[in-house]
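Everything below concerns the one structure shown next.
The values are calculated or read from the model by the stated rules, or taken from the named source; none is laboratory data. Quantities reported herein were computed from a predicted structural model and do not represent experimental measurements. Positions of Cβ are backbone-derived with ideal geometry, glycine not excepted, and every protein chain shown enters the neighbour counts. Accessible surface is based on the protein model in full, side chains and every heavy atom, while ligands, DNA and RNA are left aside. Shrake-Rupley method; radii C 1.70, N 1.55, O 1.52, S 1.80 Å.
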Amino acid sequence: MIPRSLFTDEHIIFRESVRSFLEREFVPHHERWNEQGIVDRSAWLAAGREGLHCMSIRSEHGGHGVDKLFSVVLIEELVRLGLSGPGFYIHSEIVAPYIEKYGTLDQQKRWLPRMVTGEAIGAIAMTEPGGGSDLKSMRTRARPDGDDFILSGQKTYISNGQLADVIVVAAKTDPDAGSRGVTLFLVDGKAPGVRRGRNLKKLGFHAQDTSELFFDDVRLSKSCVLGEVGRGFYALMDQLPWERIVIAVRAAAMCEAALEWTVAYTRDRKAFGAPLLDKQFIRFRLAELKAETLLARVFVDRCLELSLRDQLSSEVAAVAKLQTTELQSRVLDQCVQFHGGAGYMWEYPICRAFADTRYMRIAGGSNEIMRDLIARTL
Ligand SMILES: Cc1cc2nc3c(=O)[nH]c(=O)nc-3n(C[C@H](O)[C@H](O)[C@H](O)COP(=O)(O)OP(=O)(O)OC[C@H]3O[C@@H](n4cnc5c(N)ncnc54)[C@H](O)[C@@H]3O)c2cc1C
């Protein structure tokens, strides 16, 4: 196999300590979290004590100021252990970076140190019942009222929506200005008028709370604007490549894990007097998927290198998201098949992974939108 050249000894040692922390503190609880539809807050605090939140946030904001590869290690280990519940990547890789990049000093001081400890949990609310792909058509409004804004509208499918203490909300401040009319707000989850709807029942990701959110005339002072009025759409577009690479990192790690589980299962299980893995069709199919996974891994690592140097284009991020999540679907479908009936049983990690990962071709910009982004560069 091709050795990964991205990681230093520090990352490698960190990977070992993260894995043992997750095995000890999270694995024993994950099925209960799946059943209750939400991860315990105490798990967020435990991860905070372990220094696992917002690792690349600078130390003056309470973070650890380390490179993003530490986050990559954490994300990969969560995937390998089938820990789909903790919505850490949204909190640490999406919400905290928005606050660090676009927030005022007051906003940074108010939220980032508590996000690092896990006392404050972050969510981002873009999608609405009327549509998620076409963000410019959003209907949530933030109407100027003297020095304040009045936020009204509804969002849906919001990860960490039940737990969130701080929500980045995208709203129209000027409905006639198209993309220039969208503004981001930092909304306190306890502000009067913020209402949580149902914790939605999903195909997979059962342990991660995914919610409707309602904003009933929430009064927001100007100090809640994140970045500049009218520049929200551009901030979203600026941050999406990293979000897409994170999805690609997860997908590549998932393909590797699924293949490992399936090779072990088919080596162990016998049919017609020999291990399943001895059957040529199964061997060849797994070999093909392994080869494709290796290509995906090398491509994602190259994207990470570019991203660390701030050279990753949105086109390449879209390619990574599209290709790795399409591959992930093929790998998981085939791996479920090679597990036979066991592949359909919840107690097997391959079954849970199959359900958990289906949404990744939909979220973070659907794969149809990825194709459109890439097609624009033809
Ligand atoms: C588990 C989960 C967690 C999520 N977490 C969050 C979150 O934290 N915050 C958040 O804001 N959102 C979140 N989402 C929402 C997600 O980002 C949206 O579901 C996604 O952007 C698609 O939007 P939509 O569901 O409205 O589908 P639609 O936009 O209605 O699209 C429906 C279908 O039409 C296709 N389509 C749309 N436009 C085009 C086009 N121009 N050409 C071709 N095909 C097109 C889409 O690809 C899709 O296949 C989450 C979703 C899920 C499932």
Long-range neighbours under 9 Å by Cβ, at least six apart or interchain, first residue of a type in the set (Phe, Trp, Tyr) within the stretch 2-30, second modelled with pLDDT under 95: none
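Does the stretch 266-291 hold any residues that are open to solvent by 40 Å² or more (accessible area, probe 1.4 Å) and assigned to a helix (DSSP H, G or I), and which are they? Quick ask: steps written out before the conclusion?
Step one: list which residues in the stretch 266-291 are open to solvent by 40 Å² or more (accessible area, probe 1.4 Å), which gives 267-270, 272-273, 278-281, 283-285, 287-288, 290-291.
Correct list: Arg267, Asp268, Asp278, Gln280, Phe281, Arg283, Phe284, Arg285, Ala287, Glu288, Lys290, Ala291.
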When restricted to Lys202, Lys222, the only residue open to solvent by 30 Å² or more (accessible area, probe 1.4 Å), within 11 Å of the ligand (Cβ to nearest atom) and either farther than 18 Å from His91 by Cα or without any contact (Cβ under 8 Å) to a residue 60 or more places away in the chain (or both) is Lys202
Being within 12 Å of the ligand (Cβ to nearest atom), open to solvent by 30 Å² or more (accessible area, probe 1.4 Å) and modelled with pLDDT of 95 or more is the filter here, so list the residues in the stretch 134-148 that pass it. none
Hey, Gly181 under 15 Å from Met126 (Cβ atoms), more than 14 Å from the ligand (Cβ to nearest atom), in contact with a strand residue (DSSP E or B) (Cβ under 7 Å, 6 or more places away or on another chain) and open to solvent by less than 10 Å² (accessible area, probe 1.4 Å) or not: yes
Test each condition in (1) open to solvent by less than 10 Å² (accessible area, probe 1.4 Å); (2) more than 15 Å from the ligand (Cβ to nearest atom); (3) of a type in the set (S, T, N, Q) for Ser92 and report the one that comes out false. (2)
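Under 30 Å from Trp33 (Cβ atoms) and open to solvent by less than 20 Å² (accessible area, probe 1.4 Å): which single residue out of Glu76, Glu100 fits that description? Can you show your working first?
Working: Glu100 fails: open to solvent by less than 20 Å² (accessible area, probe 1.4 Å).
Result of the check over Glu76, Glu100: Glu76.
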Could you say whether any residue in the stretch 243-262 is open to solvent by 60 Å² or more (accessible area, probe 1.4 Å), closer than 20 Å to Thr357 by Cα, among the charged types (D, E, K, R) and away from the ligand (no atom under 16 Å from the Cβ)? yes
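Return the only residue of Leu306, Leu373, Leu312 being in a helix (DSSP H, G or I), more than 16 Å from the ligand (Cβ to nearest atom), open to solvent by 20 Å² or more (accessible area, probe 1.4 Å) and farther than 30 Å from Val263 by Cβ. Explain how you work it out, then say what you get.
Details: Leu373 fails: more than 16 Å from the ligand (Cβ to nearest atom); Leu312 fails: in a helix (DSSP H, G or I).
Matching residue, one of Leu306, Leu373, Leu312: Leu306.
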